[in-house]
Amino acid sequence: MLEGIILAGFGGQGVMFAGQLLAYTAMDEGLEVTWIPSYGPEMRGGTAHCLTMVSDRPIASPLMNRSTVAIVFNNPSFDKYEREVAVGGLLVVNTSLIARTSTREDITVLNVPATEIASKLGDARVTNLVLLGAMLTARPIMPVAALQKALEQHIPKNRRNLIPMNLQAIAQGVEAAQAVMV
C-alpha cells in the first residue's frame, strides 16, 4: 500500500494540522510516512497545501506524480487538484465552499458539506477533521479509531479542551461519508 494524500485549502483552515495528524496516525500505526507542508505567504488567506504519504513499506521518494487521495477545502484547491488525482483515486470535496462537481468518471468523488457540519458543531475550524473522518471512511487506509487516538495523543496541551469537539467532528465526517456511500 502506498497512499499519497494531498490536502489543500486556504491558509487558516487547518490543512497543515490535518496532514500532520494523518502522519502521526500512520506513525502510531507502525506505517511509513512522509509529510511535506507548503509554508510561505499562503499561511493566512492564500492557498495552502501539504502532502502526506503513508505506506506499509519504506517510501523511496517523498513525492508522487499523482496523489491517490485529494482533500480539497475550497474552489482554488478543487481547480488545481481535481485533475491531479490518480485513476482509481479519491477526491474529497468540501461542498460547503465548492459549488462545482467533478466530471471525472475514473475516480471516486466524495462530496461532504464539511464546513456546514463543523459550523453546526459550533466551530468551522473543525472542518478539517470532518473531512478526515469522511476520507478514512471512504478509503480506510487506517482505522478511524486510530485517527481519534492520535488526535488525543498529539494535540498540543493548550488545545486539549478542543478534543471533545474534534472527536465529534471526526464522527460527523464518518456519518456524512456513510450516508452518501450507501
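On inspection, Leu90 passes the criterion of being under 13 Å from the mean Cα position of the chain (by Cα), at pLDDT 95 or above, surrounded by 17 or more Cβ atoms within 10 Å (Cβ to Cβ) and part of a strand (DSSP E or B). Filter the stretch 1-21 down to the residues that are modelled with pLDDT under 95 and in a helix (DSSP H, G or I), then identify the one that is surrounded by the most Cβ atoms within 10 Å (Cβ to Cβ). Selected residue: Val15.
Against the condition in a strand (DSSP E or B), in contact with a helix residue (DSSP H, G or I) (Cβ under 9 Å, 6 or more places away or on another chain), in contact (Cβ under 8 Å) with a residue 60 or more places away in the chain and not basic (Lys, Arg), how does Ile71 come out, does it pass? In short, yes. Among the residues of the stretch 125-158, the ones that are in a helix (DSSP H, G or I) and more than 9 Å from the chain's Cα centre (by Cα) come to 18 in all. Selection within the stretch 74-87: residues that are among the charged types (D, E, K, R) and free of Cβ contacts under 8 Å to residues at least 24 places away in the same chain. The member of this set that is surrounded by the most Cβ atoms within 10 Å (Cβ to Cβ) is Glu82.
Among what's in the stretch 96-131 and is without any contact (Cβ under 8 Å) to a residue 60 or more places away in the chain and among the polar types (S, T, N, Q), pick the residue that is surrounded by the fewest Cβ atoms within 10 Å (Cβ to Cβ). Result: Thr103.
The set of residues from the stretch 48-58 being farther than 21 Å from His154 by Cα and either surrounded by fewer than 21 Cβ atoms within 10 Å (Cβ to Cβ) or modelled with pLDDT of 95 or more (or both) comprises Asp56, Arg57, Pro58. Taking into account only those residues within the stretch 22-32 that are in a helix (DSSP H, G or I) and either of a type in the set (Lys, Arg) or touching a strand residue (DSSP E or B) at 6+ places or on another chain (Cβ under 9 Å) (or both), which is surrounded by the fewest Cβ atoms within 10 Å (Cβ to Cβ)? Filtering first and then ranking leaves Met27. Among the residues in the stretch 145-154, are any modelled with pLDDT of 95 or more, surrounded by fewer than 18 Cβ atoms within 10 Å (Cβ to Cβ) and farther than 21 Å from Val112 by Cβ? Yes, that holds for at least one residue.
If you filter the stretch 93-124 down to residues that are assigned to a helix (DSSP H, G or I) and not hydroxyl-bearing (Ser, Thr, Tyr), you find that the one that is nearest to the chain's Cα centre (by Cα) is Ala114.
Within this structure, Glu105 fails the test of being touching a strand residue (DSSP E or B) at 6+ places or on another chain (Cβ under 6 Å) and among the charged types (D, E, K, R). Of the numbered criteria (1) in contact with a helix residue (DSSP H, G or I) (Cβ under 9 Å, 6 or more places away or on another chain); (2) farther than 16 Å from Gln13 by Cα; (3) among the basic types (Lys, Arg), the one Arg139 fails is (1).
The values are calculated or read from the model by the stated rules, or taken from the named source; none is laboratory data. Since we're looking at a predicted model, the values are computed, not measured. Every residue, glycine among them, receives a Cβ derived from its backbone with ideal geometry; neighbour counts consider all protein chains shown.
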